[in-house]
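Read through the structure below, which is laid out as structure tokens, and then see the notes.
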């Protein structure tokens, strides 16, 4: 028997979406920390990007992923736009960076997997966004 004050259980898809964004945010944070911690060492190599670029990209992913997770989990205003925008921004920055800085033939070995995972994760984010919008419409109509 549920009490009057119990919160509805969050669905599995929302838990998975939040976890995906938090994992991506964690990777962004690790990139930021690594770029700051090893910036001088990285600067010794003739890389096509600077440690500052790595730090900024990591910060972007850390903030974007965290924001999307928080907006989705706590049902904050405009969460559908935040989640959709975060997914699109993360996919776009991943592919822009990959296309701009990946030059060797061996780096193309992973291309089918990267394309497939990007498509799969974007499809999942789109389905979750659709579900969130549907839930908001139902809530607006007085349904529970």
(request) Compare 66, 18, 93 in a GNM of the chain, Cα atoms joined below 10 Å, and give the one with the largest fluctuation. (result) 93
(message) How would 29, 92 line up from fewest to most surrounding beta-carbon atoms within 10 angstrom?
(response) 92, 29
(request) Neighbouring Cβ atoms within 10 Å as the yardstick, rank 32, 120 fewest first. (result) 120, 32
(request) Return the tail of the calculated pair distribution for segment 94-144, meaning the percent of Cα-Cα pairs more than 16 Å apart. (result) 59 percent
(message) If you fit an axis through the alpha-carbon atoms of helix 12-37 and take the longest principal axis of the Cα set of the chain, what angle between them do you get, 0 to 90°, nearest 10?
(response) 30 degrees
(request) Round to the nearest 10 and give me the degree value, 0 to 90, for the angle of helix 111-140's Cα axis relative to the longest principal axis of the chain. (result) 30 degrees
(request) Could you state the orientation-averaged shadow area of the convex hull built on the Cα atoms of segment 12-140, in nm² to one decimal? (result) 8.5 nm²
(request) Take the alpha-carbon centre of segment 88-107, take the same for segment 23-87, and report the distance between them in whole Å. (result) 15 Å
(message) On C-alpha positions alone, give me the angle between the axis of helix 79-101 and the longest principal axis of the chain, in degrees, nearest 10.
(response) 20 degrees
(message) I need 98, 137, 31 ordered by Cβ neighbour count within 10 Å, fewest first.
(response) 137, 98, 31
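Taken together, the values in this text are just the output of simple stated rules run on the coordinates, not laboratory data. Quantities reported herein were computed from a predicted structural model and do not represent experimental measurements. Here Cβ is always computed from backbone atoms with ideal geometry, including for glycine, and neighbour counts include all displayed protein chains.
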